[in-house]
Amino acid sequence: AQSVSQHNHHVILSEAASLELGCNYSYGGTVNLFWYVQYPGQHLQLLLKYFSGDPLVKGIKGFEAEFIKSKFSFNLRKPSVQWSDTAEYFCAVNAQGRDDKIIFGKGTRLHILP
Amino acid sequence: SAVISQKPSRDICQRGTSLTIQCQVDSQVTMMFWYRQQPGQSLTLIATANQGSEATYESGFVIDKFPISRPNLTFSTLTVSNMSPEDSSIYLCSGGAGGWNGELFFGEGSRLTVL
């Protein structure tokens, strides 16, 4: 069964710092990959997604993620974070052609200091 | 994107009782799933709600404890039966748009506290 690992449980950064959140998945086949974000008091929403093609995908609010197939990774990055990026970030994977389930990582709680 | 509404948004329940959570989507969705998010934990998939047939449950979840209905493409219910304090959690309904590609829309969730 597929699984998702997020390396950082809790990250604290100052505004304008660069961000990289790690995500690794375990599944040998083709995958769809996602990052979801949950801002305080709000519901989960999609940040960005990868299905195929260019392994560097851009999402909303200046976020991007890079799919590295050889490393089974899909790390999330942002060059300069803002206080409004304070949220919980979840990496998720769907095994293409296998089933319809979306499996989530444990999440990373990001706290940006003003 | 679809808008998902859940009722109740929160409830406090007594041990041994059951509670049904309703999930309404404002448009037809191909896939519907129920997740649980316990405090400080990730989202755990409970089951896939199948229209007009029995839900597909994940390991560790059974129909007797979490019966699910999905009578059409816009509505589903999840019942948490014979609740115990360990069932205290946020229960999330999610839907996938037509041409299913794995992208999910989420409701606000239903926060259950079992005393």
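The values are calculated or read from the model by the stated rules, or taken from the named source; none is laboratory data. The structure presented is a predicted model; accordingly, all values stated were derived computationally and were not measured. As a convention, Cβ positions derive from the backbone with ideal geometry for all residues, glycine included, and neighbour counts pool all protein chains shown.
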Worksheet entry | strands (runs of 3 or more DSSP E) contained in the range A:4-79 and holding at least 3 residues crowded, with 19+ Cβ neighbours inside 10 Å and among the hydrophobic types (A, V, I, L, M, F, W, C) | A:31-38
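Can you name the residue in the range B:1-18 that is hydrophobic (A, V, I, L, M, F, W, C) and out of contact with any Phe, Trp or Tyr (no Cβ under 9 Å at 6 or more places or on another chain) and is also surrounded by the fewest Cβ atoms within 10 Å (Cβ to Cβ) among such residues?
The extreme case among them is B:12.
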Worksheet item: Here are some conditions: (1) more than 10 Å from chain B (Cβ to nearest Cβ); (2) within 11 Å of the chain's Cα centre (by Cα). Residue A:79 meets all but one. Which one does it not meet?
Response: (2)
Worksheet entry | Candidates B:7, B:65 - the one that is closer than 21 Å to residue A:101 by Cα and of a type in the set (Lys, Arg) | B:65
Worksheet item: Given the conditions (1) within 11 Å of chain A (Cβ to nearest Cβ); (2) at pLDDT 95 or above; (3) on the phi > 0 side of the Ramachandran plot, which single one is not true for residue B:82?
Response: (1)
Practice prompt. Quick one: in the range A:90-114, of everything that is in a strand (DSSP E or B) and more than 11 Å from chain B (Cβ to nearest Cβ), which residue is nearest to the chain's Cα centre (by Cα)?
Written response: A:110
Worksheet entry | Among (1) surrounded by 12 or more Cβ atoms within 10 Å (Cβ to Cβ); (2) farther than 27 Å from residue A:41 by Cβ; (3) within 14 Å of another protein chain (Cβ to nearest Cβ); (4) free of Cβ contacts under 8 Å to residues at least 40 places away in the same chain, the one test that residue B:30 misses | (4)
Worksheet item: Out of (1) within 26 Å of residue A:89 (Cα to Cα); (2) of a type outside the set (D, E, K, R); (3) at pLDDT below 95, what's the single condition that is false for residue B:21?
Response: (3)
Worksheet item: Does the range A:80-96 include one or more residues that are closer than 13 Å to residue A:35 by Cα, buried (at least 17 other Cβ atoms within 10 Å of the Cβ), in contact with a Cys (Cβ under 6 Å, 6 or more places away or on another chain) and in contact (Cβ under 8 Å) with a residue 12 or more places away in the chain?
Response: yes
